[in-house]
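> Shown below is the structure under consideration.
The values are calculated or read from the model by the stated rules, or taken from the named source; none is laboratory data. The structure displayed is predicted, hence computed values, not measured ones. Ideal geometry is used to build each Cβ from the backbone, glycine not excepted, and the neighbour counts take in all protein chains shown.
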Amino acid sequence: MKSLRILAIHAHPDDESSKGAATLARYAAEGHRVLVVTCTGGERGDILNPAMDKPGIKENMTAVRKEEMAKAVAALGVEHRWLGYVDSGLPEGDPLPPLPEGCFAREKTDTVVRDIVGIMREFQPHVIITYDENGGYPHPDHLKVHEVSMAAWERSGDANYAPELGEPWTPLKLYYTHGFIRQRMEMFHELLLREGKPSPYTPMLERWKANKADVMERVTTQVRCEEYFEARDDALRAHATQIDPAGAFFGTPVEVQRKLWPTEEFELAKTRVSTSIPEDDLFAGID
């Protein structure tokens, strides 16, 4: 197949590495163009790796996260574009406090849609990857990414919408990425327990007990990408302020993951081409 193009729209630096990263690395290695758009700088992210909780990090979080992102992009072999908005942070408390002035989640929707449509018309992606209506998890920036991605999907090919942004381009398929699959985590968790080892998956599995939704029921597409798990892990480690090397992302050796769960999961949410479900290729149905 000739070179095709994927546009993955993410909220923060590190989202591209924790959601479908090995798939992006696979398609890039196969000669396709893959562009990651990061909507915010992740400025309000907490330091989740204890080893990085040291002087000079929090005070320079914007610069640190840009450096981390550059390393992650290099590990995956993909292209990257910053959208330039400010991280909204994750509000906590009851009642929740208002979102900060000037943050991404409070931006006018059409302002962000114009930015994304401009990128779509320039890059001309065949496939879009974004978040579902729940944002993957309900962070305000993730919810905003879903909203603007769906609007840009509709408007990019409309010649009457913002003609100053370039020639219309109509993407062919839009996927939601599902990076956290309960059945996958349970499999790895139970294996560790049988081996008499502590499981880093316990906290997330405990949280899932109250949530009866089964994401696997929504999955339409499983892409084999086990050869690129190391690239994914290198990208995750690049985000050193956000990813704890003792955490769940690295709880199961790559060789075990390859054997037990060699795919990443996506949901075909919109398509303008015919395809057959289930799929094993994001480009299925694209001539």
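> What are the residue pairs meeting all of these: first residue in segment 98-127, first residue without any contact (Cβ under 8 Å) to a residue 40 or more places away in the chain and charged (D, E, K, R), second residue surrounded by 18 or more Cβ atoms within 10 Å (Cβ to Cβ) and not in a helix (DSSP H, G or I), Cβ atoms under 6 Å, and 6 or more apart or on different chains?
Listed pairs, sorted by first residue: Asp115/Leu83.
> Out of all the residues in segment 212-227, is one or more of a type in the set (S, T, N, Q) and in contact with a Gly (Cβ under 8 Å, 6 or more places away or on another chain)? Reasoning before the result, please.
Restricting attention to segment 212-227, the residues satisfying the condition of being of a type in the set (S, T, N, Q) are 220-222.
With the extra rule that they be in contact with a Gly (Cβ under 8 Å, 6 or more places away or on another chain), the set shrinks to none.
Checked against the condition, which is being of a type in the set (S, T, N, Q) and in contact with a Gly (Cβ under 8 Å, 6 or more places away or on another chain), segment 212-227 yields no hits at all.
> Also, I was wondering about something else. Could you list, in sequence order, the residues of segment 159-175 that are in contact (Cβ under 8 Å) with a residue 24 or more places away in the chain and aliphatic (A, V, I, L, M)? Outline the logic, then answer.
Of the residues in segment 159-175, the ones in contact (Cβ under 8 Å) with a residue 24 or more places away in the chain are 161-162, 165-175.
Those that are in contact (Cβ under 8 Å) with a residue 24 or more places away in the chain and aliphatic (A, V, I, L, M): Ala162, Leu165, Leu172, Leu174.
> Next question. All but one of (1) in contact with a His (Cβ under 9 Å, 6 or more places away or on another chain); (2) of a type outside the set (Lys, Arg); (3) under 30 Å from Thr62 (Cβ atoms) hold for Leu205, so report the exception by its number.
(3)
> Test Arg272 against the stated conditions and say whether it is in contact with a strand residue (DSSP E or B) (Cβ under 9 Å, 6 or more places away or on another chain) and charged (D, E, K, R).
yes
> Go through segment 128-217 and tell me which helices (runs of 4 or more DSSP H), entirely inside it, have 1 or more residues that are over 17 Å from Ile6 (Cα atoms) and hydroxyl-bearing (Ser, Thr, Tyr). So that I can check it myself, show each step before the final result.
Numbers: elements: 140-155, 182-194, 202-208.
The helices (runs of 4 or more DSSP H) meeting that bar are 202-208.
> Sticking with this structure for a sec: Go through Arg218, Arg258, Arg237 for me and flag whichever is among the charged types (D, E, K, R) and closer than 30 Å to Lys54 by Cα.
Details: Arg218 fails: closer than 30 Å to Lys54 by Cα; Arg258 fails: closer than 30 Å to Lys54 by Cα.
On inspection, the qualifying residue turns out to be Arg237.
> Oh, and also: Do we find that Val73 is of a type in the set (Val, Ile, Thr), closer than 18 Å to Thr241 by Cβ and out of contact with any strand residue (DSSP E or B) (no Cβ under 6 Å at 6 or more places or on another chain) in this structure? Don't jump to the end; show me each part of the working.
Details: of a type in the set (Val, Ile, Thr): yes; closer than 18 Å to Thr241 by Cβ: yes; out of contact with any strand residue (DSSP E or B) (no Cβ under 6 Å at 6 or more places or on another chain): no.
Criteria not met by Val73.
> Further question on the same structure: Looking at segment 147-180 only, could you name the residues that are at pLDDT below 95 and touching a helix residue (DSSP H, G or I) at 6+ places or on another chain (Cβ under 7 Å)? Full working, then the answer.
Taking segment 147-180 as the starting set, the residues that turn out to be at pLDDT below 95 are 179-180.
Gly179, the sole residue that qualifies.
> I'm told Leu4 meets every condition in (1) without any contact (Cβ under 8 Å) to a residue 40 or more places away in the chain; (2) hydrophobic (A, V, I, L, M, F, W, C); (3) touching a helix residue (DSSP H, G or I) at 6+ places or on another chain (Cβ under 9 Å) except one. Can you identify the failing condition by its number?
(1)
Each row is one residue, and each column tells you yes or no for (1) out of contact with any helix residue (DSSP H, G or I) (no Cβ under 6 Å at 6 or more places or on another chain); (2) closer than 28 Å to Tyr228 by Cα; (3) buried (at least 22 other Cβ atoms within 10 Å of the Cβ); (4) modelled with pLDDT under 95.
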site	(1), (2), (3), (4)
Ala28	yes, yes, no, no
Ala74	yes, yes, no, no
Glu79	yes, yes, no, no
Leu83	no, yes, no, no
Glu92	yes, no, no, yes
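> Look at Asp115 and say whether it is part of a loop (DSSP other than H, G, I, E, B) and either at pLDDT 95 or above or surrounded by fewer than 23 Cβ atoms within 10 Å (Cβ to Cβ) (or both). Please lay out each step first, then the result.
Values: part of a loop (DSSP other than H, G, I, E, B): no; either at pLDDT 95 or above or surrounded by fewer than 23 Cβ atoms within 10 Å (Cβ to Cβ) (or both): yes.
Answer is no for this residue.
> Now for a separate question. Got a sec? Which of Arg232, Arg258, Arg207 is closer than 25 Å to His12 by Cα, of a type in the set (Lys, Arg) and surrounded by 12 or more Cβ atoms within 10 Å (Cβ to Cβ)?
Details: Arg258 fails: closer than 25 Å to His12 by Cα; Arg207 fails: surrounded by 12 or more Cβ atoms within 10 Å (Cβ to Cβ).
Just a single option satisfies the conditions, and that option is Arg232.
> So how many residues does segment 269-280 have that are of a type in the set (Asp, Glu) and either touching a Cys at 6+ places or on another chain (Cβ under 9 Å) or crowded, with 16+ Cβ neighbours inside 10 Å (or both)? Before you say what the answer is, go through the steps one by one.
Going through segment 269-280, the residues of a type in the set (Asp, Glu) turn out to be 279-280.
From what is left, the residues that are either touching a Cys at 6+ places or on another chain (Cβ under 9 Å) or crowded, with 16+ Cβ neighbours inside 10 Å (or both) are 279.
Residues meeting the conditions: 1.
> Can you tell which of Ser18, Ser88 is in contact (Cβ under 8 Å) with a residue 40 or more places away in the chain and in contact with a Cys (Cβ under 6 Å, 6 or more places away or on another chain)? Give the derivation first.
Values: Ser18 fails: in contact with a Cys (Cβ under 6 Å, 6 or more places away or on another chain).
Every option except Ser88 fails the conditions.
> Considering only residues that are within 15 Å of the chain's Cα centre (by Cα) and part of a loop (DSSP other than H, G, I, E, B), look in segment 219-259 and name the one that is nearest to Val73 (Cα to Cα).
Looking at residues that are within 15 Å of the chain's Cα centre (by Cα) and part of a loop (DSSP other than H, G, I, E, B), I get His239.
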